[in-house]
Amino acid sequence: MRGRNDHLRSQSWNPERYAKNAAFVPELGRPVVELLAPRPGERILDLGCGDGVLTKRLANAGATVVGVDASPEQVAAARQLGLDARVMDGAELEFESEFDAVFSNAALHWMHCPRTVIDNVWRALKAGGRFVGEMGGEGNVEAIRSALADALARRGIDGDALFPWYFPAPAEYRQSLEEAGFDVCSMRLVARPTALPTGIDGWLETFAESFLSALPEDGRPAFLDEVRARLEPRLKDADGGWTADYVRLRFAARKVGEG
Ligand code: BEZ
C-alpha cells in the first residue's frame, strides 16, 4: 500500500547518473564554500554530502570533514574519494556540540522536516559554530515545476501532491533559524540560471522521479515529450542549449543561546 508521503521516497540516487547529468551542482558550489571560509583544523559536517565532490574541497582546505547523506549509494561514492562519509538523514542527525561548522549545498530542499533538521544542526554545533548553506529558494525551477504539473493535470494527476522539494522564502527560513537559536548573519535569494550539460532530459531523468513515479512505465516517454515541448520556448536557446531557472537561497547563521 502506498502512503501519503511515498513520493518523497521515490527519488533514488545513482552516482554515475548524477556525475553525468549533475556535475554542475558541486561545480557551482563555490560561492557557498567562500561564505563558509573553511579553516585548517576546523571540524565541519557536510549535511547532504552527495557523492562527496564538494566535501573533498572542504577537506582539501585543511578541515576535518564528516559527510552525511541519506543515500547509501552516494555515501559509497563519497567514501571512494577517501572521505569519512556516513549514511544519515538530516532529520536524524546524531551529533552533539562537536562541529565548528555545518555546511550544506543543494541538499536541504530535499529534507522534509526543515525545523527538525535546523534543531539537529543547532545541536551538532559547538557554541558559536556556523551553519552555512545554499538550497533551492522560493521560485526555484518554477518553469519546470509548472510544466510537470500541467502535463500531469492533463492525465488527471495532482502534480502539486507529488512536489518533492522545500523551497522557502528568505523570511520563512530566517524565522525558523532564529526560533531555533541562530543569529542569522546573511540570507539572500539569488537567481542563478543554470546551464544543463545534458539538457532537460538529463535533468528530468536525474531529479524528477517523484513525478514520473505517478505514471505507468509505458506512459512516461510521451509525458517527457510533452514536458520538453512545454519548456522549449522558455528554457532552450537558439543553439539547442538548455538553461534551468534556478533560484538559490544562500545563508550564514551562528549558534547563539538555547533553542
Ligand atoms: C536545486 O539544486 O535547486 C534542485 C536540484 C534538483 C531538483 C530541484 C532543485
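In region 153-167, the residues that are open to solvent by less than 70 Å² (accessible area, probe 1.4 Å) reach residues that are more than 13 Å from the ligand (Cβ to nearest atom) and in a loop (DSSP other than H, G, I, E, B) with C-beta atoms within less than 6 angstrom, at least six apart or across chains, in these pairs: Ile157/Ala214; Leu162/Ala214. Among the numbered conditions (1) in contact with a Ser or Thr (Cβ under 7 Å, 6 or more places away or on another chain); (2) open to solvent by 10 Å² or more (accessible area, probe 1.4 Å); (3) under 27 Å from Thr116 (Cβ atoms), the only one that Pro193 does not meet is (3).
Based on what the data block shows, is Asp119 open to solvent by 30 Å² or more (accessible area, probe 1.4 Å), away from the ligand (no atom under 16 Å from the Cβ) and not in a helix (DSSP H, G or I)? Spelling it out, it is not the case that Asp119 is open to solvent by 30 Å² or more (accessible area, probe 1.4 Å), away from the ligand (no atom under 16 Å from the Cβ) and not in a helix (DSSP H, G or I).
Of the residues in region 51-73, none is more than 23 Å from Asn14 (Cβ to Cβ) and within 13 Å of the chain's Cα centre (by Cα). Only one of the listed residues (Thr243, Thr206) is assigned to a strand (DSSP E or B), within 14 Å of the ligand (Cβ to nearest atom) and either touching a residue at least 40 places away in the same chain (Cβ under 8 Å) or farther than 28 Å from Ile118 by Cβ (or both). That residue is Thr243. Just wondering, is there one or more residues in region 17-36 that are in contact (Cβ under 8 Å) with a residue 40 or more places away in the chain and either charged (D, E, K, R) or at positive phi (or both)? Yes, some residue in region 17-36 is in contact (Cβ under 8 Å) with a residue 40 or more places away in the chain and either charged (D, E, K, R) or at positive phi (or both). Checking each residue in region 174-203 for being among the acidic types (Asp, Glu) and either more than 15 Å from the ligand (Cβ to nearest atom) or modelled with pLDDT under 95 (or both) picks out Glu178, Glu179, Asp183. Tell me, yes or no, whether region 246-253 has at least one residue that is more than 12 Å from the ligand (Cβ to nearest atom), touching a residue at least 24 places away in the same chain (Cβ under 8 Å) and open to solvent by 40 Å² or more (accessible area, probe 1.4 Å). Checked region 246-253: no residue is more than 12 Å from the ligand (Cβ to nearest atom), touching a residue at least 24 places away in the same chain (Cβ under 8 Å) and open to solvent by 40 Å² or more (accessible area, probe 1.4 Å). Restricting to region 129-147, name every residue that is more than 15 Å from Ala180 (Cβ to Cβ), in contact (Cβ under 8 Å) with a residue 40 or more places away in the chain and either more than 19 Å from the chain's Cα centre (by Cα) or open to solvent by 20 Å² or more (accessible area, probe 1.4 Å) (or both). Correct list: Glu138, Gly139, Glu142, Ala147. Sort out which residues of region 74-104 are touching a Pro at 6+ places or on another chain (Cβ under 7 Å) and surrounded by fewer than 17 Cβ atoms within 10 Å (Cβ to Cβ), and write them in order of number. Selection gives Val87 alone. Please indicate, with yes or no, whether at least one residue in region 182-201 is hydrophobic (A, V, I, L, M, F, W, C), more than 25 Å from Pro15 (Cβ to Cβ), under 19 Å from the mean Cα position of the chain (by Cα) and in a helix (DSSP H, G or I). Among the residues of region 182-201, not one is hydrophobic (A, V, I, L, M, F, W, C), more than 25 Å from Pro15 (Cβ to Cβ), under 19 Å from the mean Cα position of the chain (by Cα) and in a helix (DSSP H, G or I), which makes the answer no.
The values are calculated or read from the model by the stated rules, or taken from the named source; none is laboratory data. The structure displayed is predicted, hence computed values, not measured ones. Glycine gets a Cβ as well: all are built from the backbone with ideal geometry, and neighbour counts include every protein chain shown. Calculation scope for accessible area: heavy atoms of the full protein, side chains included, ligands and nucleic acids excluded. Shrake-Rupley method; radii C 1.70, N 1.55, O 1.52, S 1.80 Å.
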